[in-house]
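No value in this document is a laboratory result; all are computed from the given coordinates. Quick caveat, the model's predicted, so the values are computed rather than measured. When we count neighbours, we look across all protein chains shown, and the Cβ atoms used for this are built from the backbone with ideal geometry, even at glycine.
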Amino acid sequence: MSARQYTERLQLQQTPFYFYDMDLLRRTLEEALRESSRYGFKVHYALKANFDERIVREIIRTGCGIDCVSGNEVRMAIECGCPASEVVYAGVGKSDKEIRYALQQDIFAFNVESLHELEIINALAGEAGRKARIALRINPNVDPRTHRYISTGQSESKFGISYTEVNAAIASLASLPNVEIVGLHFHVGSQILDMSVFENLCHRVNDIKSWFEEQGIRLRHINLGGGLGVDYYHPDRHPVADFASYFALVNRLLKVDAGQTVHFELGRSLVAQCGELITRVLYNKQTASGTRIAVVDGGMNDLMRPALYQAYHKIENLTSSGPVESYMIVGPICESADVFGRDVELPATGRGDLLSLRTAGAYGMSMASRYNMQDLPGAVYSDRL
Ligand code: LLP
């Protein structure tokens, strides 16, 4: 149930805060795992989307592995009960300290993003007396048709090993005794709703995979990354992402050999819809041309997506039932980018009203900062009100 059902109790909380609908989280996880397990697919949760401890523990409890992009994320995953054997670790800039830590934990696999990194992991694994399991993250040059800041798999992107270097990677593997290649990894972008992107990805992966196999490299794991999008415009109509179509498509198009496991790293689609940012209206004012402004106590430091990606989050007034007016909703931060929405139609909105920014469970709290020395937003859970 969305925050609207709990408005009375939420009134008492210190704003701004993230509200999490734990039933919706559980329902989403159930659906994702039901649909993926039809085909024997393994889901890892991309921890970067939200590292709230309760949420992470819930996700691990349901049986997801974890996809990490820093040593601290690896630590969090393990501390929250994820077996190291279910942790994958990507990132273009893993530090020596982070690599050493992940080696010591004996994680399932490093998703390696450059030849140089491959050599460093080999050296550090040698020092540690270990053999590192690695998957090569290949940049497949697939256009995800999403915002350019969240596109990661095109040829000029900083992520992954370019197809022009794949030969060199294979050649160097032979001379690196402390790394063992267990698979390939891909991730082309985020908030992907156009299923043809995943179709293109599957076709590219089939080509790349068979090319590796022709070189005599046995691949036990194929990791397609994350990226499945959610409906920011209609969170109540589509509270759960379309896992059924997504996994069915991959099952139909990806060529999987006997003994090969297909992995996913889902972030947004698991946690976006269960979270809302709840903020309180402080002031009303108008611009010279008469635009009505409502100033709220949450800002771009709490939810950065509108400022950074011009992202849309549905805004609702939980406490007013007055006549509908159009508002610009702005936060307190000293930046003109600190605007949550323009031309937002809301019932008459004034001081003390609670507003909800929907679909904020992914990349909301995890990207929050203390800019302007604001406090970090709190967290309120539907099952602990
Ligand atoms: N795997 C890798 C290697 C990734 O880089 C990402 C996300 C994921 C998996 C999870 O992708 P998802 O299923 O969440 O789409 N802050 C941005 C999104 C950045 C995504 C970064 N990488 C936003 O708020 O839209």
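With each label modelled as a point 7 angstrom along the Cα→C-beta vector, the Ala348-Phe51 pair spans 4.6 nm. Within the listed set Leu219, Leu29, Leu12, the residue fluctuating most in the Gaussian network model of the chain (springs between alpha-carbon atoms under 10 angstrom) is Leu12. Summarising the strand pairing of the chain, around 40 percent of its internal DSSP beta bridges are antiparallel. The shape of segment 85-186 comes out prolate: with a ≥ b ≥ c from the C-alpha gyration tensor, a/c is at least 1.5 and a/b beats b/c.
Can you give the translational diffusion coefficient of the chain in µm²/s, computed by Stokes-Einstein from the Kirkwood radius over Cα pairs at 4 °C and 1.567 mPa s? The Stokes-Einstein estimate is 59 µm²/s. Report the net charge of residues surrounding Arg145, where surrounding means a beta-carbon distance below 13 angstrom and charges are Lys +1, Arg +1, Asp -1, Glu -1. Charge balance in the 13 Å sphere: -2.
Please compute the net charge surrounding Val69, taking Lys and Arg as +1 and Asp and Glu as -1 over other residues with Cβ under 12 Å from its Cβ. Please list the in-between numbers first.
On the way: positive: Lys48, Lys94, Arg137; negative: Asp67, Glu73, Glu98, Glu113, Glu265.
So the surrounding residues net to -2.
Please find the FRET efficiency linking Val92 to Arg61, where r is the Cβ-Cβ separation and R0 is fixed at 25 Å, and quote it to the nearest 0.05.
Details: r = 31 Å, r/R0 = 1.23.
Approximately 0.20, to the nearest 0.05.
Glu119 to His147: FRET efficiency via 1/(1 + (r/R0)^6), r the Cβ-Cβ distance, R0 30 Å, to the nearest 0.05? In this case the efficiency is close to 0.35.
Estimated at 0.36 nm per residue, the fully extended path between Arg220 and Asn72 surpasses their Cα-Cα distance by 50.6 nm. Calculate the FRET efficiency for Lys255 and Ser175 from the Cβ-Cβ distance with a Förster distance of 35 Å, rounded to the nearest 0.05. The formula returns an efficiency of 0.75 here. When the Cα convex hull of segment 273-384 is projected onto planes of every orientation, the mean area is 7.2 nm². For the chain, the 222 nm mean residue ellipticity estimated from helices alone, with every DSSP H stretch of n ≥ 4 adding -39500 (n - 2.57) and the total spread over all residues, rounds to -8500 deg cm²/dmol. Sorting 73-83, 270-280, 120-130 by average packing, meaning the other beta carbons within 10 Å per residue, from highest down gives 270-280, 73-83, 120-130.
Kyte-Doolittle cut-off -1.0, length cut-off 27 Å along the helix's own axis using Cα: show which whole DSSP H helices in the chain pass.
Values: long enough: 195-214 (29 Å, -0.42).
Those that pass (Cα extent of 27 Å or more, hydropathy at least -1.0) are 195-214.
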